[in-house]
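Here is the structure we will look at.
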Amino acid sequence: MSALGRVFSFFSRLGKKSRRTQFFFMLSSLPVLLALFLRLQQTLSPSRRNITGLFFYSNVILPFYVQFLVLMLALFLGTSIVLEEVEGRTLPYLISRPLPRPSIILGKYGASAMLALLMIDIGLVASFLILNAEGLGDLSFDLVLLRDLAVLDLGLLCYLALFTFLGALLKRAVLFGLLFCFGWENVLIYFPGLTQKLAIAHYLKSLIPQPPSSGFAFLRFNLEPSPPLTAVLVLLILTAVFLAAACLTFSLKEYLFEN
């Protein structure tokens with residue numbers, strides 16, 4: 001635990017200063033800018049005033065997070081946990097220190113997760129408040145926001161663990177990750193029956209309550225949701241399994257440097 005804490009502290013400080021983190025902070029501000037645009041359009045266009053901010057949030061902002069932003073943050077932050085050390089040729093210096101290899105993976109995973117969660121949570125809260133300013137103090141609105149924060153955070157941790165494992169296992173992990181994100185995850189969930197349960201996205205979308213027919217159409221097309229408790233347990237188990245696999249792979253694999 002002491003080694004894990006040292007790794008986490010060091011890479012947290014390092015991550016805050018990196019250009020990659022700054023880029024992803026700018027990327028995570030896109031939903032906030034989109035929310036401002038939608039709010040302005042709603043204010044200036046009389047035909048859109050009867051459309052609630054919650055409708056815009058549910059059908060534009062939330063799908064952007066679930067279908068794109070969470071995946072991109074997890075992919076590039078997760079795969080870089082090992083690959084940045086290999087490509088930067090700093091791995092020998094890191095593993096030569098008296099640190100258990102699993103503590104390196106878990107410490108860097110924790111540092112990346114903290115940064116990614118901050119980006120997701122700040123952007124989601126800001127977007128929600130911009131679109132639903134008139135609903136502040138309403139418990140039902142607050143519960144919607146808290147639910148969505150919990151779902152996105154859980155999904156981010158699961159995807160981040162998966163891509164940490166891929167980064168430890170594969171040299172071209174980013175390419176495989178992109179195929180997974182925009183192929184497997186975004187196609188498989190539209191298949192009927194048990195097939196869609198092979199996608200992580202299925203369990204995330206199962207945690208979003210069944211909406212009226214006018215909302216969430218993009219998120220829930222052809223979805224046969226799993227029970228909420230089952231969805232949460234599956235996501236937690238997958239996170240633990242992927243992290244364990246990443247630690248085991250990093251401990252056993254010999255990494256070769258290209259000339």
Practice task
Collect the residues in the stretch 136-170 that are modelled with pLDDT of 90 or more and small (Gly, Ala, Ser), keeping them in residue-number order.
Solution key: Ala150, Gly155, Ala161, Gly167, Ala168
Problem - All helices (runs of 4 or more DSSP H) inside the stretch 51-101 with 2 or more residues being among the small types (Gly, Ala, Ser) and at pLDDT 90 or above - result: 70-87
Practice task
Please identify the pairs in which a residue from the stretch 113-142 that is surrounded by 15 or more Cβ atoms within 10 Å (Cβ to Cβ) has its Cβ atom under 8 Å from the Cβ atom of a residue that is outside any loop (DSSP other than H, G, I, E, B) and of a type in the set (Lys, Arg), counting only partners at least 6 apart or on another chain.
Solution key: Leu115/Lys16; Ile130/Arg39; Leu131/Arg39
Fill in the blank from the handout: Scanning the stretch 5-41 for residues that are under 20 Å from Phe76 (Cβ atoms), surrounded by fewer than 13 Cβ atoms within 10 Å (Cβ to Cβ) and not polar (S, T, N, Q) gives Arg13, Leu14, Lys17, Arg19, Phe23, Met26
Completion exercise
Taking the stretch 115-135 and keeping only residues that are at pLDDT below 85 and within 16 Å of Phe68 (Cα to Cα), one is left with none
Practice task
Restricting attention to the stretch 152-177, report how many residues are under 18 Å from Val66 (Cα atoms) and without any contact (Cβ under 8 Å) to a residue 60 or more places away in the chain.
Solution key: 1
Practice task
Say whether the condition of being modelled with pLDDT of 85 or more and at negative phi is met by at least one residue in the stretch 3-20.
Solution key: no
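The values are calculated or read from the model by the stated rules, or taken from the named source; none is laboratory data. Keep in mind that this is a model prediction, so the values were computed, not measured. Reconstructed Cβ throughout: ideal geometry from the backbone, glycine too, with neighbour counts over all protein chains shown.
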